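What follows is calculated from the coordinates using simple rules that are stated; it is not laboratory data. In this text the structure is predicted, and so the values were computed from the model without any measurement. Positions of Cβ are generated from backbone atoms using ideal geometry, with glycine treated the same way; all protein chains shown enter the neighbour counts.
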Amino acid sequence: MTLLEIENLHIHLGEFYLQGISFSLEKGDYLSIIGPTGSGKTILLESIVGFWATDKGRIIVEGEDLTHELPERRRIGIVYQDYALLPHFTVFKNIAYGLKKIQKHGIKEKIKDLATSLNIGHLLHRKPDTLSGGEQQRVALARALAVEPRLLLMDEPFSALDLQTRNEARRLLKQAIQDRGTTVIHITHDLEDAWALANKIAVIKNGHLIQFGAMEEIFHRPNSQFIADFVGVNILDGQVIQSSLGMSTVRVNGFELMSRDEAPVGSRVKVAIRPENIVVLKAPPGLEYAKNILKTTLTQVVNQGNTCLLHLKSQETFIKVLVTHNALEMNAFCEGNDAYAIVRQDDVRIIPES
Ligand SMILES: Nc1ncnc2c1ncn2[C@@H]1O[C@H](COP(=O)(O)OP(=O)(O)OP(=O)(O)O)[C@@H](O)[C@H]1O
C-alpha cells in the first residue's frame, strides 16, 4: 500500500529552491535521505511535516492530500538532531506531551510499555538534563512514537551519539519501528545508518532529488559520478565464520576480515570499510601487520585533486582506497602493480543483513 506520495514539490526559501521533488513510499518503507550539507534535506523533511508552505506540488499521505493541512493534523512525527525535549518536564511528561491531546485513557500504561521497549522505563521520573545523550535520544523517539504517527521523520537523530550508543540506538529503533510497521524517513550523514536501517535511499543535491531507489541500486549502480563519489564507502558481502570475545571473522570472496563488531556465526552480513581507512603498500607488509591484509592488483588511479582514488581488485572483490599524492609517490605505484591493502579491525564495520 502506498503511504506517501510527493508529487513535483517546489519550495522557495530566500535564495534556496527545492525543485521538482517526486517519490513515493510504501507502508513500512525506511527511506534514508543523504546529500551534501545545505542541499535541502531538512527543508524537504520540514515541508512534509508541514512547517513550510509549498509553491507547487502535492504531499499525499494514505491517499489524503495534506499539502495545505496544518502540521498538528498531519499525524506525522519528527525527531530532531538536538531532540528538542522540554527541559522542565519529566521524561514521562515529555513522552505524554503530544499523546494527551489525542488520547484520554490508558496513557500511563502506553507510555510505560513504550519506555520499556526503548529501555528507558527506569527513567520516567527524571528530567532531560540528567540523562545521557543516548537516553535523551530514546526519549525523543518515544515521544514521537507515542502518538502512533503514520510517518516518522528523523533529522540526524544519532549524530550526537558515540559509536557504541549509536549501535544500541539503531537496534532499539529498528525493533520499535518493525513492531509498529512505521514508515520512516531518516536524514543521515552516516552511510552505516542507511545500511543498517533503510531499504530505500534518496540523494539530494542543490535542491534536486538526483537519485531515488533501493539501497543496493544506489550503492552498486549510482547514476552519476557525484553519487558514486558521495557513497564511496566499500561494501562487501560476507559470512561470519567466527565470533567470540568482541571479535568476529568474516569470509568475503575467499579472504578473511577480522572486525571488532560482533555478529552471529553463520549470518550473512555486509562489511563496510571507508576508502580513507585502508593503508596500501606495494610490497608485502612486515610482521607488524598480521591481520586483514588483502593481496590485490591496482587497476586504476583516479586523480581527485588533493587526493587519489585507487581502484583495487582481488578475484571478484573491488575495493576503493583514498590516498594522498605523497603516499602514491612514496610507493611508486602504477596501474597493474600488486597492492597490499591493510585495514585495522576497528575500521571493518559489520552491518547485519536487514
Ligand atoms: N528559513 C530559511 N530561509 C532561507 N533559507 C533557508 C532557510 N532554512 C534553510 N535555508 C537554506 O536552505 C538550504 C538548505 O537547507 P537545509 O537545512 O535543508 O540543508 P540540509 O541538506 O539539511 O543541510 P545539512 O546537511 O547541513 O543539515 C541552505 O542553503 C540553507 O541555508
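Structure notes:
- The mean sequence distance of close C-alpha pairs (under 8 Å, at least 6 residues apart), as a share of the length of segment 2-230, puts its relative contact order at 28 percent.
- In segment 1-130, Cα pairs under 8 Å separated by at least six residues give a relative contact order of 21 percent.
- Working note: Karplus 6.51/-1.76/1.60 with θ = phi - 60° gives segment 133-140 the couplings x, x, 5, 4, 4, 6, 5, 4 Hz, where Gly and Pro are set to x.
- Fraction of beta bridges assigned by DSSP in the chain that are antiparallel (%, nearest 5): 80
- Global geometry of segment 36-192, whether rounded, prolate or oblate, following the gyration tensor of its Cα atoms and the 1.5 cut on a/c: oblate
- Peptide packing for 242-255, 97-110 was compared via the average number of neighbouring C-beta atoms within 10 Å per residue; ordered from the highest value, the list is 242-255, 97-110.
- Taking each of 56/101; 27/101; 110/174; 100/174 in turn, the alpha-carbon distance tops 22 angstrom for 56/101; 27/101; 100/174.
- Shape of segment 46-110, Cα gyration tensor, a/c cut at 1.5: oblate
- Tilt relative to the chain, helix 107-117 - C-alpha long axis, 0 to 90 degrees, to 10: 10
- Measuring between their Cα centroids, segment 217-292 and segment 93-135 lie 39 Å from each other.
- Normalised by the number of residues in segment 132-282, the average gap of Cα pairs under 8 Å and 6 or more apart makes the relative contact order 14 percent.
- Estimated purely from DSSP H runs of n ≥ 4, each contributing -39500 (n - 2.57), the mean residue ellipticity at 222 nm for the chain is -7500 deg cm²/dmol once divided by its residues.
- All lysines inside 30 Å of residue 295 as judged from Cα atoms, apart from same-chain residues fewer than 8 positions distant: 270, 282, 313, 320
- Inter-centroid distance (Cα atoms) of segment 325-344 relative to segment 38-71, Å: 48
- Listed residue (21, 122, 42) projecting farthest to the positive dipole end of segment 9-128, Cβ model: 122
- Prolate/oblate/rounded label for segment 234-352 (Cα gyration tensor, a/c 1.5): prolate
- Packing, as the average of other Cβ atoms within 10 Å across residues, places the peptides 134-142, 315-323 in the order 134-142, 315-323, highest first.
- Angle between the chain longest axis and helix 163-180 axis [Cα atoms, degrees, rounded to 10]: 50
- Ranked by how many other beta carbons lie within 10 Å on average, peptides 172-185, 298-311 from highest: 172-185, 298-311
- For residue 278, the residues whose amide H sits under 5 Å from its own are 322, ignoring neighbours fewer than 5 places away on the same chain, with H placed 1.01 Å from N.
- Close amide H pairs (under 5 Å, H built 1.01 Å from N) link residue 151 with 77, residues at least 5 positions away or on another chain.
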